[in-house]
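Below you'll find the structure, written out as structure tokens, and then a few comments.
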Amino acid sequence: MRATVKGVNGIDTTSDTIRFVIDGELYELRDVDPTRTVLQFLREDLGKTGTKEGCAEGDCGACTVNIVELDRNGEDVAVRAVNSCIQFLPTLDGKELITVESLVRDGEMHPVQQAMVEHHGSQCGFCTPGFVMSLFALYKTNPKPSRQEIDDALAGNLCRCTGYRPIISAAEAMYDHGVDTDWLRQPAAAKKLPPPGDRIERLKQLSRTTGLQFQGSGKRFFAPLTSDELAGLLASHPDATILAGGTDIGLWVTKQHRELDTVIYTGRVAELNEVNATATHIDIGAAVSLADAMVLIVEQYPGLDELFRRFASPPIRNAGTLGGNIANGSPIGDAMPALMVAGTTLTLRRGRSRREVPLDAFYLDYQVKDLREAEFVESVHVPVLGDDVLLRSHKLSKRFDQDISAVCNAYCLELDGDRVVTFRMACGGMATTVRRAENCESAVAGKLWNEETIAAACKGLAQDFEPISDMRASAGYRLRAAQNLLRRFYLETLGEVEQTVYAYGR
């Protein structure tokens, strides 16, 4: 690997150079393995060992760093915590990277670090840098977080050495330890802290007008800027790996040790980063992050708030994409049951042609999707249902935060008085794919919404699914849990139980 460090004005404009900023200095890289992770680069190449490796799969949070990039409008910045252990180095192109070493200025600790010291939040010390970087992202994006928002921000940092009490105290006190002079504060009601103008100008200078074509260690990496370019690249390289957020593909490299010869990155494709909410649909580009997509969906369907808060962790949601989660096709993908019962459709593109496919027809078998060679998910269309339609989901897992589901149910219900007009149900973790519960739905359709109907629906579930036993749950447990969660949904609609239990275990 060849690397140079320059001032921000000496930018290499060739398309085969990765360019990004760390601590105000521009790094330009050539001949680097495109699947080398950001964590490996920091620790092994730069000697920045403050960022730690724990799980190497995006779970523990020890490797948390912050990425700064221009927002969708290009006139402000977005600051997000991500897991460096599964982030491929070329995805930093055009961005700024902030690590725990970046925070000390002129020998003084950042307010987040100072608060952690004074409140004894260091635990054993190994995972502390990851906690600091998660809190740093919160510090930059939320001037007055609630306790729940603090808990959410730390959901991806899983160390349990001493418990969270001192770390929570540090999070609550970090705003009292002086002003971060590198960033200007907005009023407390604002949700973003704007940077000095030179940071925005620096990122604008790094923005590309042509796609990135990069080669290193015998492997190729492409980052097209338009959907047309993406379609053309896939036509030329149909065996390429499509990389979105890397929250699954990163593990192919770090855990399965796969060699990915050609990677095509969707993160810079303009059309795939667009969002548009209309009176009838929420249209979400396939490269829009899970964090951004979930905000739009929960605004329309508040009953999905708990599900999406428990979906992975903030660093995973910041990196992962809705389109990537759908295209991955995991039978335990938590977003799919809810999207499925909402009637979501996908736009698939291959070359110049596009076609629409309902999400509930997209999964054919385990890891088999209705995708043709060189075809990709271009956008996701979530219908806006009427105010009389109830959309909710239940997730059951061993750990409340950041855990894989044993069972995940979703329901869509519309009543006319006590009679069912519409009922759809989908389940994750119950089969080789996420899929609709057709017998269950038939038992409910047109019937009175009462205990007798629910009992028939539970019997239908037993016909719909033959779940497996694995490390997360036995087959019998899964079926019984899915039936009981349906009963819970029924009781929620009657007001006999609360809709959510988000504070459970806190």
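The values are calculated or read from the model by the stated rules, or taken from the named source; none is laboratory data. Just so you know, these numbers come straight off a predicted model, no measurement behind them. When we count neighbours, we look across all protein chains shown, and the Cβ atoms used for this are built from the backbone with ideal geometry, even at glycine.
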**OP:** Working only within the stretch 55-89, note down all residues that are more than 16 Å from the chain's Cα centre (by Cα) and of a type in the set (S, T, N, Q).
**Re:** Asn73
Original post:
What is the residue count in the stretch 466-485 for residues that are surrounded by fewer than 18 Cβ atoms within 10 Å (Cβ to Cβ) and part of a helix (DSSP H, G or I)?
Top reply: 5
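Yes/no per residue for (1) part of a loop (DSSP other than H, G, I, E, B); (2) touching a Cys at 6+ places or on another chain (Cβ under 9 Å); (3) modelled with pLDDT of 95 or more:
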site	(1), (2), (3)
Leu97	no, no, yes
Val117	no, no, no
His120	yes, no, no
Gln123	yes, yes, no
Phe126	yes, yes, no
Val132	no, no, yes
Ala137	no, no, yes
Lys140	no, no, no
Original post:
Based on what the data block shows, is Cys440 within 21 Å of Leu339 (Cβ to Cβ) and of a type outside the set (S, T, N, Q)?
Top reply: yes
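For (1) closer than 30 Å to Asn276 by Cβ; (2) part of a loop (DSSP other than H, G, I, E, B); (3) in contact (Cβ under 8 Å) with a residue 12 or more places away in the chain, each residue gets a yes or a no:
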site	(1), (2), (3)
Glu44	no, no, no
Glu57	no, yes, yes
Val65	no, no, yes
Val79	yes, no, yes
Original post:
If you take the residues of the stretch 159-182 that are surrounded by 17 or more Cβ atoms within 10 Å (Cβ to Cβ) and at pLDDT below 90, which of them is farthest from Phe88 (Cα to Cα)?
Top reply: His177
Original post:
Inside the stretch 367-384, can you point out the residues that are outside any strand (DSSP E or B) and either crowded, with 18+ Cβ neighbours inside 10 Å or modelled with pLDDT of 95 or more (or both)?
Top reply: Asp370, Leu371, Arg372, Glu373, Ala374, Glu375, Val384
**OP:** Determine the pairs where a residue that is modelled with pLDDT of 95 or more and among the polar types (S, T, N, Q), located within the stretch 470-493, has a partner that is surrounded by fewer than 21 Cβ atoms within 10 Å (Cβ to Cβ) and outside any helix (DSSP H, G or I) with Cβ atoms under 7 Å apart, the partner being 6 or more residues away or on another chain.
**Re:** Thr493/Leu390
Subject >> Within the stretch 425-449, tally of residues that are part of a strand (DSSP E or B) and either among the polar types (S, T, N, Q) or under 26 Å from the mean Cα position of the chain (by Cα) (or both) >> reply: 6
Original post:
From the list Thr14, Thr35, which residue is modelled with pLDDT of 95 or more and either within 19 Å of the chain's Cα centre (by Cα) or assigned to a loop (DSSP other than H, G, I, E, B) (or both)?
Top reply: Thr35
Subject >> Asn439 being of a type outside the set (Lys, Arg), surrounded by 13 or more Cβ atoms within 10 Å (Cβ to Cβ) and closer than 24 Å to Pro358 by Cβ >> reply: yes
